[in-house]
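J.: Input: one structure, supplied below.
The values are calculated or read from the model by the stated rules, or taken from the named source; none is laboratory data. Computed from a predicted model, the values in this text were never measured in an experiment. As a convention, Cβ positions derive from the backbone with ideal geometry for all residues, glycine included, and neighbour counts pool all protein chains shown. For the accessible areas, the whole protein counts, side chains as well, though only heavy atoms, and no ligand, DNA or RNA atoms are used. Shrake-Rupley method; radii C 1.70, N 1.55, O 1.52, S 1.80 Å.
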Amino acid sequence: MRKKRMGMLLCMILMAAALSACAGKTDDKKQGTKTAGTKKDESKEERTAKGESEKGMTAPDFEVTLLSGKTVKLSDYRGKRVLLNFWATWCGPCVQEMPAFQRLSEDYPDDVVILAVNCGESKEEVESFVQKNGYTFPIALDENLEASNLYPATSIPLTLIVDEEGDIVYSSYGASDADTMYAHYKEELRL
């Protein structure tokens, strides 16, 4: 039992280190007429160094595979509001807020797309967690942290709201209980 706990602790430390290492990386690829991850007057690096949020930046595009096996890009959802969440099954606050996403996806299926991107875990781990909890909203796998690398995710959960044009209009680290987060995200999404 102690060995298992030490292994889990080591895994969490390695995941945190990987996410921290990813925070400084940027993507300079062009997307349409905007540069990914930039605000008109400052670069992503300058904003991150000042501790500013991602708000006002174009959301960097990425491609992920959903648990269903379907491959999607964030840009596939242009024209819709997207609640984008980076999370892991070992992250207490992540797990605590997941029922809020389920409820939002059920209550507002035509108003918002929920896309929860799992950071670094295997398909088997994520599937087991999702089946155990009965979640039906889109959950993506980012086993190699390729999507996570595009966002300054210094900690998880990281939740962003991407508007219909692909711009980040809200970002937040951390979470509370599901009822509180449901009300908060509902307000932020203006639902």
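J.: Can you name the residue in segment 79-111 that is assigned to a loop (DSSP other than H, G, I, E, B) and of a type in the set (Ser, Thr, Tyr) and, of all such residues, is farthest from the chain's Cα centre (by Cα)? Let's see the steps before the verdict.
T.: We begin by selecting, within segment 79-111, every residue assigned to a loop (DSSP other than H, G, I, E, B); these are 79-81, 88-91, 108-111.
Applying the additional criterion that residues be of a type in the set (Ser, Thr, Tyr) yields 89, 108.
Values: Thr89: 13, Tyr108: 19 Å.
Here the residue is Tyr108.
J.: Do the conditions hold for Val126, that is, is it outside any loop (DSSP other than H, G, I, E, B), within 12 Å of Ile156 (Cα to Cα) and at pLDDT 95 or above? Lay out the reasoning, then the answer.
T.: Values: outside any loop (DSSP other than H, G, I, E, B): yes; within 12 Å of Ile156 (Cα to Cα): no; at pLDDT 95 or above: yes.
For Val126, the condition - outside any loop (DSSP other than H, G, I, E, B), within 12 Å of Ile156 (Cα to Cα) and at pLDDT 95 or above - is not met.
J.: In this structure, does Lys55 turn out to be modelled with pLDDT of 50 or more, open to solvent by 40 Å² or more (accessible area, probe 1.4 Å) and farther than 27 Å from Glu143 by Cβ?
T.: Details: modelled with pLDDT of 50 or more: yes; open to solvent by 40 Å² or more (accessible area, probe 1.4 Å): yes; farther than 27 Å from Glu143 by Cβ: yes.
For Lys55, the condition - modelled with pLDDT of 50 or more, open to solvent by 40 Å² or more (accessible area, probe 1.4 Å) and farther than 27 Å from Glu143 by Cβ - is met.
J.: Further, regarding this structure: Collect the residues in segment 70-81 that are open to solvent by 50 Å² or more (accessible area, probe 1.4 Å) and more than 11 Å from Ala140 (Cβ to Cβ), keeping them in residue-number order. Step through it out loud before you land on a result.
T.: Of segment 70-81, the ones open to solvent by 50 Å² or more (accessible area, probe 1.4 Å) are 70-71, 73, 76, 78-81.
Answer for segment 70-81, where residues must be open to solvent by 50 Å² or more (accessible area, probe 1.4 Å) and more than 11 Å from Ala140 (Cβ to Cβ): Asp76, Arg78, Gly79, Lys80, Arg81.
J.: Here is a follow-up. Name the single residue that is surrounded by the most Cβ atoms within 10 Å (Cβ to Cβ) among those in segment 133-170 being hydroxyl-bearing (Ser, Thr, Tyr) and within 20 Å of Arg103 (Cα to Cα).
T.: We begin by selecting, within segment 133-170, every residue hydroxyl-bearing (Ser, Thr, Tyr); these are 135-136, 148, 151, 154-155, 159, 170.
With within 20 Å of Arg103 (Cα to Cα) added as a condition, the list becomes 135-136, 159, 170.
Values: Tyr135: 18, Thr136: 10, Thr159: 25, Tyr170: 19.
Top of the filtered list is Thr159.
J.: A further question follows. So which residues in segment 129-170 are out of contact with any Lys or Arg (no Cβ under 8 Å at 6 or more places or on another chain), of a type outside the set (Gly, Ala, Ser), in a loop (DSSP other than H, G, I, E, B) and in contact (Cβ under 8 Å) with a residue 40 or more places away in the chain?
T.: Restricting attention to segment 129-170, the residues satisfying the condition of being out of contact with any Lys or Arg (no Cβ under 8 Å at 6 or more places or on another chain) are 129-140, 142, 144-148, 151, 153-160, 167.
Within this subset, residues satisfying the condition of being of a type outside the set (Gly, Ala, Ser) are 129-133, 135-139, 142, 144-146, 151, 154, 156-160, 167.
Those still in the list that are in a loop (DSSP other than H, G, I, E, B) too: 135-138, 144-146, 151, 154, 156-157.
Residues satisfying the conditions are Pro138, Leu145, Glu146, Tyr151, Thr154, Ile156, Pro157.
J.: List every residue pair whose Cβ atoms sit under 8 Å apart, with the two residues 6 or more apart in sequence or on different chains, where the first one lies in segment 107-120 and is open to solvent by less than 10 Å² (accessible area, probe 1.4 Å) and the second, anywhere, is of a type in the set (S, T, N, Q) and assigned to a strand (DSSP E or B).
T.: That search, which allows pairs on different chains as well, returns Ile114/Asn85; Leu115/Asn85; Ala116/Asn85; Val117/Asn85.
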